[in-house]
Amino acid sequence: MTTTLIVEDNRRNMLLIRDLLRLHGFRTLEASDGEEGIARAKAERPDLILMDLQLPGMDGLTATRVLRQDPVTAAVPVVALTAHAMKGDRERALEAGCNGYIPKPIDTRRFLAQIQAFLPGAARPGRS
Ligand code: MN
């Protein structure tokens with residue numbers, strides 16, 4: 001079973017994403033800040049991490065850089081989630097080591113297709 005770690009401090013978004021993933025047969029893990037996300041990623045080695053970029057304390061970009069520097073989590077795909085449709089967000093996310101980027105609010109009809117490309121075994125556009 002594919003395990004996805006959701007790092008998200010907004011409870012409503014967390015529940016929406018969790019329910020969508022569970023509905024489609026994913027196992028889900030939850031963390032509400034960057035430090036907890038890193039700890040859970042190291043302990044449970046998920047197949048995919050969905051990382052909110054705006055988190056209390058350590059932000060999602062910093063958490064992603066930490067994950068990338070740890071051999072245990074370096075290869076786990078990280079997909080950034082952000083409500084800020086700011087120009088340059090995508091570039092900053094990729095620069096920090098994120099594999100991809102999904103803007104919030106989540107489009108529930110497209111969400112599964114959006115993360116599918118980043119799952120192990122699937123084609124990963126942008127990777128060579
Ligand atoms: Mn947030």
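FYI, it's all coordinate maths here, none of it is from the lab. All values reported here derive from a predicted model rather than from experimental measurement. Glycine also receives a Cβ, built like all others from the backbone with ideal geometry; neighbour counts cover every protein chain displayed.
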Ranked from fewest to most other Cβ atoms within 10 Å of their own Cβ, M51, M58, M14, M1 fall in the order M1, M58, M14, M51
Using the Kirkwood formula on alpha carbons, the hydrodynamic radius of the stretch 1-60 in angstrom works out to 11.3
Over the Cα atoms of the chain the radius of gyration and the largest Cα-Cα distance (Dmax), both in Å, equal 13.0, 36
Going residue by residue through the stretch 15-26, the Karplus relation 6.51 cos²θ - 1.76 cosθ + 1.60 with θ = phi - 60° gives ³J(HN,Hα) values, rounded to whole Hz and with x marking Gly or Pro, of 5, 4, 5, 4, 5, 4, 5, 5, 4, 9, x, 7
Stretched fully, the stretch from R65 through A83 gains (0.36 nm per residue minus C-alpha distance, one decimal, in nm) 4.5 nm
Which residues qualify? For T28, with a placed amide H closer than 5 Å and at least 5 residues away or on another chain, they are T4
Under 5 Å from the placed amide H of M58, counting only residues 5+ away or on other chains, we find G34, E35
Quick note on L20, L5, L50, L15, ordering by fewest other C-beta atoms within 10 Å, gives L15, L20, L5, L50
So, relative contact order of the chain in percent, Cα under 8 Å, 6 or more apart, is 21
Within the stretch 35-68, the residues whose backbone N lies under 20 Å from a label point placed 7 Å from the Cα of E95 along the Cα-to-Cβ direction are 51-55, 58-68
With bins of 5 Å, the percent of all Cα-Cα pairs of the stretch 29-97 per bin from 0 is 3, 19, 33, 26, 13, 5, 1
